[in-house]
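Q: Submitted below is the structure of interest, expressed as structure tokens.
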């Protein structure tokens, strides 16, 4: 399966394939247009994930899809069981649309925002000295792959509780040629040992009634996992180490409860940290959920946290 997917990825790259993954509501609207019932090109097959006729693809590509186990029979022909998105020219396989399965591996607009956050931070000379880094909740692997590309001297870990995510991360890392990337099954950082110079994460942050792994953040309004990651990272950073977190938070009656909790988890005597809104209004559809209505959520904002354990802070395990 892996060998066939690697060949398929190489074939897509050679064909000049490029696709930007958009939000599920937007994806659904575009696919719902009258002329979009069937795929007419590679983007339709692997990006928009539409059914396609056997004659659309070359026999060699169909054979690779069959060998990889992703060629699904459909009333209108076939459909791919994986999608492919591109980020800065790099291809990433991820789950088919819609991502309704509990263990789906998501790739979308937040992935691009997360990558921008990492790229901006990695321009700083201090982070260029990173020797050991980890991406918590790696998903399809874009964050970990970016770290491995930008920090070739470092030991890079990609961890997740979803075996499908780990398999796709390993595949996508091989497609990217990032040989030093290591993957491990881990709940937060419990599955890996030692301290890190850099910890990054783009965790699930929604309150999902079905508790699907890729989107359910726990807590009252989806903030639980993000807070757990901050708490875990605070204990696993080397002195001078940095946490970069991209997440989305509920703003209630003009207040940011998440930032208030950060002040408790990242005390000023231990950490220097900066926190800012990247986008003030995302996932507006979530405001219709009962949990947000009861809480009085005004809006959901995309935020970025950059926290560094002060170099002068030393205790056992942080030296």
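The values are calculated or read from the model by the stated rules, or taken from the named source; none is laboratory data. Quick caveat, the model's predicted, so the values are computed rather than measured. Glycine also receives a Cβ, built like all others from the backbone with ideal geometry; neighbour counts cover every protein chain displayed.
Q: From the set of residues in the range 117-148 that are in a helix (DSSP H, G or I) and either at positive phi or surrounded by fewer than 18 Cβ atoms within 10 Å (Cβ to Cβ) (or both), which is nearest to the chain's Cα centre (by Cα)?
A: Taking the range 117-148 first, the residues in a helix (DSSP H, G or I) are 117-122, 125-128, 142-148.
Keeping just the survivors that are either at positive phi or surrounded by fewer than 18 Cβ atoms within 10 Å (Cβ to Cβ) (or both) gives 119-121, 125-126, 128.
Working: 119: 14, 120: 17, 121: 17, 125: 25, 126: 24, 128: 22 Å.
Result: 119.
Q: Here's another thing I want to ask about it. Considering only the range 270-308, state which residues are in contact with a helix residue (DSSP H, G or I) (Cβ under 9 Å, 6 or more places away or on another chain), in a loop (DSSP other than H, G, I, E, B) and at pLDDT below 95.
A: 282
Q: Return the residues of the range 67-101 that are loosely packed, with under 14 Cβ neighbours inside 10 Å and within 16 Å of the chain's Cα centre (by Cα); say none if nothing qualifies.
A: Correct list: 88 only.
Q: Looking at (1) surrounded by fewer than 13 Cβ atoms within 10 Å (Cβ to Cβ); (2) out of contact with any helix residue (DSSP H, G or I) (no Cβ under 7 Å at 6 or more places or on another chain); (3) free of Cβ contacts under 8 Å to residues at least 40 places away in the same chain, which is the one condition that is false for residue 38?
A: (1) is the only condition that residue 38 fails.
Q: How many residues does the range 161-178 hold that are assigned to a loop (DSSP other than H, G, I, E, B), farther than 15 Å from residue 139 by Cα and touching a residue at least 24 places away in the same chain (Cβ under 8 Å)? Working first, answer last.
A: First, the residues of the range 161-178 that are assigned to a loop (DSSP other than H, G, I, E, B): 161-162, 177-178.
Among the residues that remain, those that are also farther than 15 Å from residue 139 by Cα are: 177-178.
Filter again for touching a residue at least 24 places away in the same chain (Cβ under 8 Å), leaving 178.
Counting residues in the range 161-178 that are assigned to a loop (DSSP other than H, G, I, E, B), farther than 15 Å from residue 139 by Cα and touching a residue at least 24 places away in the same chain (Cβ under 8 Å) gives 1.
Q: Continuing with the same structure: For residues that are over 22 Å from the mean Cα position of the chain (by Cα) and at negative phi, tally how many sit in the range 241-258. So that I can check it myself, show each step before the final result.
A: Of the range 241-258, the ones over 22 Å from the mean Cα position of the chain (by Cα) are 251-257.
Among the residues that remain, those that are also at negative phi are: 251-252, 255-257.
Residues in the range 241-258 being over 22 Å from the mean Cα position of the chain (by Cα) and at negative phi: 5 in total.
Q: Additional query: On the basis of being under 22 Å from residue 5 (Cα atoms) and modelled with pLDDT of 95 or more, does residue 151 make the cut?
A: no
Q: So residue 114 clears everything in (1) in a strand (DSSP E or B); (2) buried (at least 21 other Cβ atoms within 10 Å of the Cβ) except one condition, right? Which one?
A: Evaluating residue 114 over (1) in a strand (DSSP E or B); (2) buried (at least 21 other Cβ atoms within 10 Å of the Cβ) leaves (1) as the failure.
Q: Can residue 2 be described as more than 21 Å from residue 174 (Cβ to Cβ) and exposed (fewer than 12 other Cβ atoms within 10 Å of the Cβ)? It would help to see each step written out before you state the result.
A: Working: more than 21 Å from residue 174 (Cβ to Cβ): no; exposed (fewer than 12 other Cβ atoms within 10 Å of the Cβ): yes.
When the stated conditions are applied, residue 2 does not pass them.
Q: Give the range 41-69 a look and list any residue that's closer than 19 Å to residue 86 by Cα and part of a loop (DSSP other than H, G, I, E, B), or say none.
A: Answer for the range 41-69, where residues must be closer than 19 Å to residue 86 by Cα and part of a loop (DSSP other than H, G, I, E, B): 41, 48, 49, 50.
Q: Any residue at all in the range 9-19 that's in a helix (DSSP H, G or I) and crowded, with 19+ Cβ neighbours inside 10 Å? Give the steps one after another, and end with the answer.
A: So in the range 9-19, the residues in a helix (DSSP H, G or I) come out as 9-14.
From the residues that got through so far, the ones that are crowded, with 19+ Cβ neighbours inside 10 Å too are 9, 12.
There is at least one residue in the range 9-19 that is in a helix (DSSP H, G or I) and crowded, with 19+ Cβ neighbours inside 10 Å.
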